[in-house]
Every structure is written in structure tokens, then in C-alpha cells.
Amino acid sequence: AQSVTQLGSHVSVSEGALVLLRCNYSSSVPPYLFWYVQYPNQGLQLLLKYTSAATLVKGINGFEAEFKKSETSFHLTKPSAHMSDAAEYFCAVSEPNFGNEKLTFGTGTRLTIIP
Amino acid sequence: KAGVTQTPRYLIKTRGQQVTLSCSPISGHRSVSWYQQTPGQGLQFLFEYFSETQRNKGNFPGRFSGRQFSNSRSEMNVSTLELGDSALYLCASSGGTHTEAFFGQGTRLTVV
């Protein structure tokens, strides 16, 4: 069975500082990995995804993530935080089997930006 | 092009009642998935439909059911509502295997 662990349910960073949100996965097969962002009272928006191509994945809004198989990690980073980055972030995993679109989500990390 | 549309956005129901939620996927998308989001349990997969067939199912009781129509629109139904069913229900559509899942804004269900 696949699972995702997000370390830190709340993270606060100063505006302009580095953002680092941690995600570790467990999967019996090389997985597909995703980061989603959710703003209050909204659905989820995809930031980026890893699908076994390049291990460093660039996404929208200046975010990127690196797939490290040896550490079973897929941490999300952004060099310089902006006030608009305040939101909840979810890491998700799916198994690359045809006909399986199920996403398994982590518990989320709420990011607060300090002015 | 239009995104995923969920209706209604907000719903208040009484324990024991049933409810039907609707999801219109992005045009051309044949896969529709449903998720329940609660503060305690987080985001949990309910089921996925593809070309009118349920392809995957999560660990929810039989009170939770769904269907998909020939135009890919999907509905989910919850019967005999319980207080614990209060949640944000999210629908996602995708156009192919492991392509991006696009989420709707959700339906906020409150059971009183």
C-alpha cells in the first residue's frame, strides 16, 4: 500500500525566505508524486508532478521539488516566499498502473508567511 | 475552457436524510474521482469512474455511492446521513492516465 508523510502540519517563514515543505512516500513500485496547493474555500491546484522523468521538477509560482529515491522523499521548495504563498500544501502519490487514478494524500502543511 | 464544476457549493442536511452531489468534468475528460476532506481524516479517496464504470473504490461504507453518465458528468449519493459525513467533497477530472487531476471547488456538506 502506498502512503505519504508530511512532516510539520504548520510551517511559518518570513517573506523572502526559503520555503521548504517535507514529503516522504512509501510505495511498492516507483510512484508518481504530486504537490497540490489549496487556498481557503477552494479546491486543489496542481503545483508540480514527478512521473519518472527528470528528478528535479519545476512547477508553477516558482516552486520546485526533487525526487530522491534513496531517501524516498519529494520535498517542495521555493527560494523566496511571497505573501501570496500562504495556503495549505498537500503531497500526493499514485501508483503508475493503467486504470488507477487514485491519489493518496498526506495530511497537509499549512504555510504561513510572516511579513 | 471551463473547469470542473461542482453543485451545489453548500448544503445543509439533517441526520438520516440522503444527499446527491453533482460534478461536471472538464470537456473531454472521462475520468472522475471523488474525495472527502475533513479536518480529522484529511483527504480520502471515495471512488473513481471512467466511461460510466466504477474503476476504483476507497474504504467507505455502502452508504456512499456514485455513478457516471454518458456525458462523463458524475453524481455521488450519501444515504442515511450521519454527523460525521459533514465534510468538503471534492471532485476531480482527468483526461488520461496519470495526467493532471483538475479539482472543482467542492461541495461543503453540513449534517445537523
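The values are calculated or read from the model by the stated rules, or taken from the named source; none is laboratory data. Computed from a predicted model, the values in this text were never measured in an experiment. For neighbour counting, all protein chains shown are included, and Cβ atoms are generated from backbone atoms with ideal geometry for every residue, glycine included.
At a glance:
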| read-out | value |
| --- | --- |
| Test: B:Gly42 is touching a residue at least 12 places away in the same chain (Cβ under 8 Å) and more than 14 Å from the chain's Cα centre (by Cα) | no |
| Qualifying positions in segment A:19-36 - of a type in the set (A, V, I, L, M) and crowded, with 21+ Cβ neighbours inside 10 Å | A:Leu21, A:Leu33 |
| Hits in segment A:26-44 - residues which are modelled with pLDDT under 95 and either under 11 Å from the mean Cα position of the chain (by Cα) or at positive phi (or both) | A:Leu33, A:Phe34, A:Asn41 |
| Which listed residue is farther than 16 Å from A:Val4 by Cα and more than 14 Å from chain B (Cβ to nearest Cβ), from A:Ala65, A:Ala54 | A:Ala54 |
| Flag for B:Gln18 being modelled with pLDDT of 95 or more, surrounded by fewer than 13 Cβ atoms within 10 Å (Cβ to Cβ) and of a type in the set (S, T, N, Q) | yes |
| Those strands (runs of 3 or more DSSP E) lying entirely in segment A:38-102 with at least 1 residues basic (Lys, Arg) and farther than 26 Å from B:Ser31 by Cβ | A:64-68, A:73-78 |
| Residue check for B:Gln37: exposed (fewer than 15 other Cβ atoms within 10 Å of the Cβ) and in a strand (DSSP E or B) | no |
| The lone exception for B:Arg55 - which of (1) among the charged types (D, E, K, R); (2) within 17 Å of B:Thr107 (Cβ to Cβ); (3) within 11 Å of chain A (Cβ to nearest Cβ) it fails | (2) |
| Subset of segment A:7-34 [closer than 12 Å to A:Thr104 by Cα and either of a type in the set (D, E, K, R) or within 12 Å of chain B (Cβ to nearest Cβ) (or both)] | A:Pro31, A:Tyr32, A:Leu33, A:Phe34 |
| Selected residue (criterion: surrounded by the fewest Cβ atoms within 10 Å (Cβ to Cβ)) from residues of segment A:58-88 that are β-branched (Val, Ile, Thr) and more than 11 Å from the chain's Cα centre (by Cα) | A:Ile60 |
| Residue list for segment B:55-102, filter: aromatic (Phe, Trp, Tyr) and either at positive phi or modelled with pLDDT under 95 (or both) | B:Phe102 |
| Residue match in segment B:93-104 (condition: more than 10 Å from chain A (Cβ to nearest Cβ) and touching a Ser or Thr at 6+ places or on another chain (Cβ under 6 Å)) | no |
| Residue check for A:Leu48: more than 18 Å from B:Ser33 (Cα to Cα), touching a Phe, Trp or Tyr at 6+ places or on another chain (Cβ under 6 Å) and surrounded by fewer than 21 Cβ atoms within 10 Å (Cβ to Cβ) | yes |
